[in-house]
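A short reminder: the numbers here are calculations on the coordinates, not readings from a lab. Only a predicted model underlies this, so the values are computations on that prediction, with no experimental measurement involved. Positions of Cβ are generated from backbone atoms using ideal geometry, with glycine treated the same way; all protein chains shown enter the neighbour counts.
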Amino acid sequence: MKKSKRKPQGATRTQVEQKPARRPISDYLDVPLKLFKLMAVCAVLAGVVLGGQRMLDGLDQPITRVEVKGDLKQLDKAAIAAWVQSQITEGVLSTDLRSLQAQLQGRPWIAGATVRRKWPGVLAVSLVEHEAVARWNEKALITEKGLVFEPAQLPVFEELPHLWGADSSAQEVLRQFHWLQQQFDELHLQVTGLSKAHRGAWQVELLAEVDEQGQQAGMVVALGKQDIAAKLERFRILYDSVLKARFADITRVDLRYTNGVAVQWKAAEAAGV
């Protein structure tokens with residue numbers, strides 16, 4: 001029989017305790033070294049920022065002059081330059097050009113504005129002016145594109161045609177004005193006014209020379225709302241046969257009737273008829 005090998009009772013294992021290995025000195029220096037590097041990078045960045053700021057401060061010179069350019073007829077360049085200068089509170093770099101440009105474009109007569117920087121300390125302003133083709137209602141003007149704007153004064157534009165209507169109909173009234181002027185050009189009549197009533201009825205004011213000395217006279221023609229082309233054809237026939245010879249004696253021609261025409265004479269008006 002095989003004998004089992006047993007450890008004698010009371011026997012104990014002895015374990016040899018190992019001392020921990022010593023860490024190299026470089027490990028103890030690693031953390032402070034990283035911290036030092038980080039502080040050094042921060043210092044460099046701070047220097048760059050401060051240096052850049054000082055450089056920007058040096059470039060951001062006060063605006064000493066405003067140049068205004070453009071083919072301007074109604075606006076005074078010196079007055080615009082003074083207004084721009086009054087809006088500036090910062091240097092040439094700090095000034096908000098977009099805000100200044102938007103303010104300019106919101107002023108009467110200015111159709112477009114561009115503002116740019118010129119060193120040292122100069123703002124260059126380029127302006128495009130509105131061109132009015134007619135007066136609009138009582139206090140405004142209208143451009144070729146149908147844009148309505150209100151200048152400070154209107155008396156200097158008395159020679160322009162006068163258009164009336166709701167502001168929402170400005171472009172429609174302008175288109176109708178151009179079309180009517182083409183129609184009346186064939187009769188050597190000038191359209192000096194056109195109105196569209198609230199309910200849509202059209203009324204046109206005409207001007208013509210009535211003698212060889214250039215004497216002028218005017219009349220009003222009521223066109224109504226519908227069949228404008230047919231009514232104008234009726235007017236042409238009547239004009240050539242009757243109205244042309246007596247243009248100076250007529251106050252108003254009413255074409256709103258289906259088949260007829262009503263003529264208001266100055267003599268009858270003066271007599272109270």
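By how many nm would the segment from SER195 to GLU131 grow when fully extended, if each residue of separation counts as 0.36 nm and the alpha-carbon distance is taken off?
20.9 nm
Taking a label point 7 Å from the Cα of GLN61 along the Cα→Cβ vector, which residues of the range 89-129 have an amide N closer than 12 Å to it?
Taking a point 7 Å out along Cα→Cβ of GLN61, the residues of the range 89-129 whose backbone N falls under 12 Å are 92-93, 118-123.
Please compute the length gained on full extension between THR114 and SER99, using 0.36 nm multiplied by the number of residues separating them and subtracting their Cα-Cα distance.
Fully extending the segment from THR114 to SER99 adds 4.3 nm.
Please label the shape of the range 209-273 as rounded, prolate or oblate, based on the square roots a ≥ b ≥ c of the eigenvalues of the alpha-carbon gyration tensor (a/c under 1.5 means rounded; beyond that, a/b larger than b/c means prolate, else oblate).
oblate
Take the Cα of ALA152, step 7 Å along the line toward its Cβ, and report every residue of the range 70-94 whose backbone nitrogen sits under 14 Å from that point.
Backbone N within reach: 74-84.
Mind giving me the FRET efficiency for ILE88 and TRP179? R0 is 51 Å, r the Cβ-Cβ distance, nearest 0.05 is fine.
It comes to 0.60.
Going by the alpha-carbon gyration tensor, a ≥ b ≥ c the square roots of its eigenvalues, is the range 104-157 rounded (a/c under 1.5) or, if a/c is not under 1.5, prolate (a/b greater than b/c) versus oblate?
prolate
What is the spin-label model distance, in nm, from GLU205 to ALA124 if the labels are put 7 Å beyond Cα along the C-beta direction?
According to this spin-label approximation, the distance is 4.5 nm.
Calculate the FRET efficiency for ARG236 and TRP164 from the Cβ-Cβ distance with a Förster distance of 22 Å, rounded to the nearest 0.05.
FRET efficiency, ARG236 to TRP164: 0.35.
What is the extension gain from ARG107 to ASN259, computed as 0.36 nm multiplied by their sequence separation minus the C-alpha to C-alpha distance, in nm to one decimal?
49.7 nm
Answer rounded, prolate or oblate for the range 95-211, using the Cα gyration tensor with square roots of eigenvalues a ≥ b ≥ c: rounded when a/c is under 1.5, else prolate when a/b is larger than b/c, else oblate.
prolate
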